[in-house]
Amino acid sequence: MTAPETQGTFACTLVDEWARGGVEVAAVAPGSRSTPLALALAADPRIRVEVFLDERSAAFFALGVARASGRPAVVLCTSGTAAANFHPAVLEAWHARVPMVVCTADRPPELRDTGAGQATDQIKLFGASVRWFCEVGVADDAPGATVYWRSVAARSVVDATGPPAGPVHLNLAFREPLVPAGDVVVEAVGGRPGGRPWVATSAGLPLPDPDYVERLAAAVAATPRGLVVAGWGAGAGGDVVERFAAAAGWPVLADPLSGVRSGPSAISTYDALLRVRAVADALRPEMVIHIGAPLTGKVATAWLDADVPRWLVDPDRAWLDPHRAAAGRVVADPGALLSAIAVRLEGGEAGPSPWLDEWRRFEATARHAIDGVLDADDEPSEARVARDLVDCLPDGASLVVGSSMPVRDVEAFARPRRGLRFHSNRGVNGIDGFVSTVLGVAVGAGASAVVALCGDLTFLHDAGGLLEAARRDIDAVFVVVDNRGGGIFSFLPQAALPEPTFEALWGTPHHLDLAALCAVHGVPAHRVTTASELVPAVSEAVAGGGVRVLIVTTDRDANVAHHRRLHEAVSAQISASGHPEADPR
């Protein structure tokens, strides 16, 4: 074979092996050096290919696909700065344990470090933020090449899938000419019979050590004042957590992103409750089992300090303990561990739980106060948008939540519910690539409704993700809270700085018409002007199909005051109900 034919065969073989391993989607950023692999991806009917002009958008799209589907997605770019633009999504995938196969085309070795155009050192470009790196080398037809190619492709899928899941990086050097001459057709070679992958791997989550199960079960049984705390990536189903909570008589403090804020033991108002000092003191736990990442809000996270015996449960040996307050750590599948403990607890003589009943009374009191303030008028508020959006989406839908204020409002004000899948780029908590992530989630989630909630700066940060969005055969609805700047900073100490310093450096008003921006991209946009209009507008947008945007205008200063009223209302309602009175924090 000629060199272009060999490179084409190599590329087709990689793609065939990826498809055998379960890859269904690839995001491609156009470029010359990546031509052989781009052609191979486009030629394989088993893989959906989406093209993005911006490499960052391509990478976050792949991230969203993989986050929703649980299967690795491929992302491909040419050499040079193009590869560097993948880095934010690679970091998010690493920390959030999302499977991705990151492919960067490169110049061959003889053109590196020579001043050749579009060439830089791409060896281990992403450092330690990948599960595996491979400098694949220039393809040739030496004996054993086919086995090498398939092994590399198979391992990239296996290592990306985990556990733990995450990104892998293949650096792929290609020599010119990059396109086979004439009508030459290149195809994949080799491969296991029956369409099987080159390497079949079974990688289940670690089962809990029986000694730890007995030890923790005894500790839970002896500790009536305990809590289950669940953050994103909790790794246990809601039914399992409910069963454990019922057997233990413990409340569940679950961030909605955990997917386990449901059932009679779920407490949804802990952020507001723990701002009341007397309540925070009265509800101090004696033991905590913590699954997943830390809770989003700072109040609850600070409350769970080193004086509270806390067990971290993680299957991948991660240390998700930024305050270094944990007293113990269990490497196990959280669902299997909680199920095993529940079985042992259910064999005992569990009676009523005054501790859980006390939490439920506080929950009912705080929920009544919060809902009363949110429903008092028809003026849109960011807290009500978060609550109503979680309430109104149909079972099976996916809600993608932006960082900054939306993810905090969802945690603080959303009621418990089942049947809704939450996604958010909380690995490193950035606002990068949000629009593209949402589009990827919509592809990875299949036929279910996909709705996103974000702020205006998050939306603008990835405005390039809207390019061609109306033509991609993707259904996704964006609810954008437009408060003309960075709303989260109005809650931080920087807000006390004199003007114009605060507005210039943190408020960052954008003075842009978001509806006009959407129109440029051919994306329908509708302004929601009253609080009661949101739910029917979301239902209509979901039913309409395609990519659509709903814009809710709020005021940053009014939003800070509204949150303060919510916290004051909870404190006042607790006092009126006969609970200890205290000033809200």
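Modelled with pLDDT of 95 or more and under 23 Å from residue 62 (Cβ atoms): is that true of residue 136 in this structure?
When the stated conditions are applied, residue 136 passes them.
Answer yes if at least one residue in the stretch 460-483 is over 25 Å from residue 509 (Cβ atoms), crowded, with 23+ Cβ neighbours inside 10 Å and in contact with an Asp or Glu (Cβ under 7 Å, 6 or more places away or on another chain), and no otherwise.
No, there is no match, as no residue in the stretch 460-483 is over 25 Å from residue 509 (Cβ atoms), crowded, with 23+ Cβ neighbours inside 10 Å and in contact with an Asp or Glu (Cβ under 7 Å, 6 or more places away or on another chain).
Taking the conditions exactly as written (touching a Phe, Trp or Tyr at 6+ places or on another chain (Cβ under 7 Å), in contact (Cβ under 8 Å) with a residue 12 or more places away in the chain and farther than 19 Å from residue 407 by Cβ), does residue 494 satisfy them or not?
yes
Is it the case, given these coordinates, that residue 352 is assigned to a loop (DSSP other than H, G, I, E, B), exposed (fewer than 15 other Cβ atoms within 10 Å of the Cβ) and touching a Ser or Thr at 6+ places or on another chain (Cβ under 9 Å)?
Against the criterion (assigned to a loop (DSSP other than H, G, I, E, B), exposed (fewer than 15 other Cβ atoms within 10 Å of the Cβ) and touching a Ser or Thr at 6+ places or on another chain (Cβ under 9 Å)), residue 352 does not qualify.
From the list 522, 487, which residue is out of contact with any Pro (no Cβ under 9 Å at 6 or more places or on another chain), surrounded by 19 or more Cβ atoms within 10 Å (Cβ to Cβ) and either within 29 Å of residue 567 (Cβ to Cβ) or in the same structural domain as residue 442 (by TED's automatic domain parsing) (or both)?
487
May I ask you to list the residues in the stretch 1-14 that are of a type outside the set (S, T, N, Q) and crowded, with 24+ Cβ neighbours inside 10 Å?
The answer is 8, 10, 11, 14.
Name the single residue that is farthest from residue 529 (Cα to Cα) among those in the stretch 483-497 being hydrophobic (A, V, I, L, M, F, W, C) and assigned to a helix (DSSP H, G or I).
Once the filter is applied, the top-ranked residue is 496.
Right, residue 58: closer than 21 Å to residue 442 by Cβ, modelled with pLDDT of 95 or more and surrounded by 18 or more Cβ atoms within 10 Å (Cβ to Cβ) or not?
yes
Would you point out the residue of the stretch 420-438, among those that are β-branched (Val, Ile, Thr) and in a loop (DSSP other than H, G, I, E, B), that is surrounded by the most Cβ atoms within 10 Å (Cβ to Cβ)?
So, considering only residues that are β-branched (Val, Ile, Thr) and in a loop (DSSP other than H, G, I, E, B), the one surrounded by the most Cβ atoms within 10 Å (Cβ to Cβ) is 431.
On the given criteria, is residue 126 over 26 Å from residue 46 (Cα atoms), in contact with a helix residue (DSSP H, G or I) (Cβ under 6 Å, 6 or more places away or on another chain) and crowded, with 17+ Cβ neighbours inside 10 Å?
Against the criterion (over 26 Å from residue 46 (Cα atoms), in contact with a helix residue (DSSP H, G or I) (Cβ under 6 Å, 6 or more places away or on another chain) and crowded, with 17+ Cβ neighbours inside 10 Å), residue 126 qualifies.
For the stretch 24-42: of the residues being in contact with a helix residue (DSSP H, G or I) (Cβ under 6 Å, 6 or more places away or on another chain) and hydrophobic (A, V, I, L, M, F, W, C), which is surrounded by the most Cβ atoms within 10 Å (Cβ to Cβ)?
Result: 27.
For every residue, the table says whether it meets (1) aromatic (Phe, Trp, Tyr); (2) part of a helix (DSSP H, G or I); (3) at pLDDT below 95.
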position	(1), (2), (3)
383	no, yes, no
387	no, yes, no
391	no, yes, no
400	no, no, no
403	no, no, yes
410	no, yes, no
416	no, no, no
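Which fully enclosed helices (runs of 4 or more DSSP H) of the stretch 78-180 have 3 or more residues being of a type in the set (S, T, N, Q), touching a residue at least 40 places away in the same chain (Cβ under 8 Å) and closer than 17 Å to residue 14 by Cβ?
Filter on the stretch 78-180 gives 145-161.
From the list 576, 541, 531, which residue is among the aliphatic types (A, V, I, L, M) and free of Cβ contacts under 8 Å to residues at least 24 places away in the same chain?
576
Quick one: in the stretch 284-320, which of the residues that are at negative phi and of a type in the set (Lys, Arg) is nearest to the chain's Cα centre (by Cα)?
298
Name the residues in the stretch 205-220 that are aliphatic (A, V, I, L, M) and closer than 18 Å to residue 234 by Cβ, would you?
205, 207, 216, 220
Quick check on residue 333: is it of a type in the set (Asp, Glu), crowded, with 17+ Cβ neighbours inside 10 Å and closer than 19 Å to residue 359 by Cα?
no
Could you identify the single residue in 254, 272 that is closer than 22 Å to residue 423 by Cα, modelled with pLDDT of 95 or more and surrounded by 24 or more Cβ atoms within 10 Å (Cβ to Cβ)?
None of the others qualify; the one that does is 254.
From (1) closer than 14 Å to residue 289 by Cα; (2) of a type outside the set (Asp, Glu); (3) in a loop (DSSP other than H, G, I, E, B), pick out the condition that doesn't hold for residue 191.
Condition (1) is where residue 191 drops out.
Residues that are more than 18 Å from residue 331 (Cα to Cα), surrounded by fewer than 24 Cβ atoms within 10 Å (Cβ to Cβ) and either touching a strand residue (DSSP E or B) at 6+ places or on another chain (Cβ under 6 Å) or of a type in the set (A, V, I, L, M) (or both): does the stretch 229-245 have at least one?
Looking for residues that are more than 18 Å from residue 331 (Cα to Cα), surrounded by fewer than 24 Cβ atoms within 10 Å (Cβ to Cβ) and either touching a strand residue (DSSP E or B) at 6+ places or on another chain (Cβ under 6 Å) or of a type in the set (A, V, I, L, M) (or both), one finds none in the stretch 229-245, hence no.
Could you list all residues from the stretch 459-488 that are closer than 18 Å to residue 520 by Cβ and charged (D, E, K, R)?
Within the stretch 459-488, 462, 468, 471, 472, 482 qualify.
Of the numbered conditions (1) among the acidic types (Asp, Glu); (2) in a helix (DSSP H, G or I); (3) modelled with pLDDT of 95 or more, residue 5 fails exactly one; give the number of that condition.
(3)
The values are calculated or read from the model by the stated rules, or taken from the named source; none is laboratory data. Worth saying up front: this structure is predicted, and the values here are computed from it rather than measured. All Cβ positions, glycine included, derive from the backbone under ideal geometry; neighbour counts span all protein chains shown.
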